[in-house]
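Notes for the one structure printed next.
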Amino acid sequence: MNVKEIVLDEFGNCVQLNNDDIQVTVTLDYGPRIVSVRKNEGIQFVYNGKDPAIDRPCGHKMRITFDKSTNGIYCDNSPVRYSPMGSGVRFVQTVTEPVQMEAIMDVYFSENGDLTVEHSIFNKSKEALKLSIYTETPFNKDGFVFITQGSAVSPERPGRIMTLWDGCKWSDERLYVGDDFVTVKSVDGEEKPRLKIGINDTKGVAGYICGSAGLIKRYTHNPTALYPFYNCSAFATENSGYLSVQMTSPFYLVEPDEAVRHIEIWNIKDSCNIITEQNESGIRTFLE
C-alpha cells in the first residue's frame with residue numbers, strides 16, 4: 001500500500017491511498033470525507049457535486065443521530081489529522097458541538113483487496129450519550145442504487161420494514177420494489193423532489209451499479225437491536241440529480257471515555273453483462 005498527500009483544486013489537501021488496483025482519496029481540510037474511490041483508473045463512483053447541507057462538495061461522510069427520527073449532526077466539517085496504520089490510514093476530527101465527541105474514520109485494505117471503512121465515535125463528555133452512527137455514500141446518477149430487502153427472524157413475524165419519507169410516492173418512476181431488492185435511479189427531465197426509502201436490511205448488503213461495474217457495501221445488521229427511522233438500517237435516495245446509499249448503526253448508550261463504531265466493507269466488482277435496475281437475477285449474480 002502507498003500513502004501520499006496531494007492537493008486537488010476542488011477539495012484542497014487530501015490523502016491518497018493506493019493498493020495494487022484500488023485508489024481512495026480522503027479530504028484533510030474538512031472531513032474526513034472519501035471523495036474518490038476507483039479501481040484501475042476505471043469509474044469514479046463517488047459523487048462530488050455540492051452538498052447543500054454545508055455548501056461543500058459531497059463525498060462519503062458520517063453524522064450522528066441522537067434519536068429515532070432526526071438526522072442528527074454532521075461531524076466531518078473541520079480540519080483532519082491523520083496517521084498511517086498497518087494496511088491503511090486513521091483520520092481524526094474532533095467534534096465539540098453540541099456535545100464533546102471525537103470522530104474517527106479508519107480506511108484500510110484487507111488481504112483480498114476489499115476496502116474497510118470503520119467509523120468510530122468517542123464520547124469525550126462527562127455524560128452517557130445514546131447515539132447511532134449514520135453514513136452516506138453519494139453516487140453519480142448514471143447508474144442506480146440498491147438495498148437488499150429484509151428477512152424474517154421467525155415465520156410468525158413480518159420480515160420486511162419499508163419506510164417512505166414525507167412527500168415521496170410508491171408510484172414514483174425512480175423507485176422499483178422487487179422481491180429481493182429495492183432500487184432507486186435518476187430520470188432525465190425536470191428536477192424532481194427528493195425520493196428516500198428505508199429498509200430493515202437484515203442481510204446487510206447495499207450499493208451502486210453503473211452498467212457492468214459496481215460498488216458493493218456490506219455491514220452487519222443486528223436483528224435484535226433498535227435502529228433509527230422506524231428500525232431501518234439502510235436507505236436509498238435520489239436527491240437533486242445524484243443517488244446515495246445511507247447506513248446506520250444501532251443505537252448505543254456510550255459512556256464517558258468509551259466508543260462505538262460502525263464498519264462497512266466495500267468491494268468494487270465488474271460484470272460481464274449490463275445490469276439494469278429491474279433485473280433482480282442480474283443483481284443477485286453480481287453480488288455472488
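The values are calculated or read from the model by the stated rules, or taken from the named source; none is laboratory data. It should be emphasised that the depicted structure is a prediction, and the values quoted were computed from it without experimental measurement. For neighbour counting, all protein chains shown are included, and Cβ atoms are generated from backbone atoms with ideal geometry for every residue, glycine included.
For this structure, a couple of remarks:
- In this entry, residue 192 is excluded by the filter for residues that are modelled with pLDDT under 95, closer than 27 Å to residue 272 by Cα and either not hydrophobic (A, V, I, L, M, F, W, C) or not in a strand (DSSP E or B) (or both).
- With respect to the conditions (1) out of contact with any helix residue (DSSP H, G or I) (no Cβ under 6 Å at 6 or more places or on another chain); (2) surrounded by fewer than 22 Cβ atoms within 10 Å (Cβ to Cβ), residue 180 lacks only one, and its number is (1).
- Segment 1-31, residues that are surrounded by fewer than 14 Cβ atoms within 10 Å (Cβ to Cβ), more than 15 Å from residue 88 (Cβ to Cβ) and in contact (Cβ under 8 Å) with a residue 60 or more places away in the chain: 21
- Cβ-Cβ distances below 6 Å connect the following pairs, each with a first residue in segment 106-121 that is more than 15 Å from residue 83 (Cα to Cα) and at pLDDT below 90, a second residue that is of a type in the set (A, V, I, L, M, F, W, C) and assigned to a strand (DSSP E or B), and a separation of six or more residues or different chains: 114/265.
- When restricted to residues that are out of contact with any Asp or Glu (no Cβ under 7 Å at 6 or more places or on another chain) and buried (at least 20 other Cβ atoms within 10 Å of the Cβ), segment 252-288 contains 9.
- Looking only at residues in segment 114-136 that are among the small types (Gly, Ala, Ser) and assigned to a strand (DSSP E or B), the one that is farthest from residue 46 (Cα to Cα) is 132.
- Residue 150 passes every criterion in (1) assigned to a strand (DSSP E or B); (2) buried (at least 19 other Cβ atoms within 10 Å of the Cβ) apart from (1).
- Each residue in segment 72-85 was checked for being among the acidic types (Asp, Glu) and modelled with pLDDT of 90 or more, and 0 of them qualify.
- Test: residue in segment 215-227 that is surrounded by 14 or more Cβ atoms within 10 Å (Cβ to Cβ), of a type outside the set (D, E, K, R) and assigned to a strand (DSSP E or B): yes
- For segment 95-104, the count of residues that are under 22 Å from residue 36 (Cβ atoms) and either of a type in the set (Val, Ile, Thr) or assigned to a strand (DSSP E or B) (or both) is nonzero.
Results for (1) touching an Asp or Glu at 6+ places or on another chain (Cβ under 9 Å); (2) modelled with pLDDT under 85; (3) among the charged types (D, E, K, R); (4) surrounded by fewer than 22 Cβ atoms within 10 Å (Cβ to Cβ), shown as yes or no for each residue.
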site: 33; (1), (2), (3), (4): yes, no, yes, no
site: 50; (1), (2), (3), (4): no, yes, yes, yes
site: 53; (1), (2), (3), (4): no, yes, no, yes
site: 87; (1), (2), (3), (4): yes, no, no, yes
site: 126; (1), (2), (3), (4): no, no, yes, yes
site: 130; (1), (2), (3), (4): yes, no, yes, yes
site: 138; (1), (2), (3), (4): yes, no, no, no
site: 143; (1), (2), (3), (4): yes, no, no, no
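- Qualifying positions in segment 195-206 - modelled with pLDDT of 95 or more and part of a loop (DSSP other than H, G, I, E, B): none
- Residue 146 vs. criteria under 17 Å from residue 200 (Cβ atoms), under 19 Å from the mean Cα position of the chain (by Cα) and among the hydrophobic types (A, V, I, L, M, F, W, C): yes
- Verdict on residue 171 being assigned to a loop (DSSP other than H, G, I, E, B), farther than 22 Å from residue 222 by Cα and among the hydroxyl-bearing types (Ser, Thr, Tyr): yes
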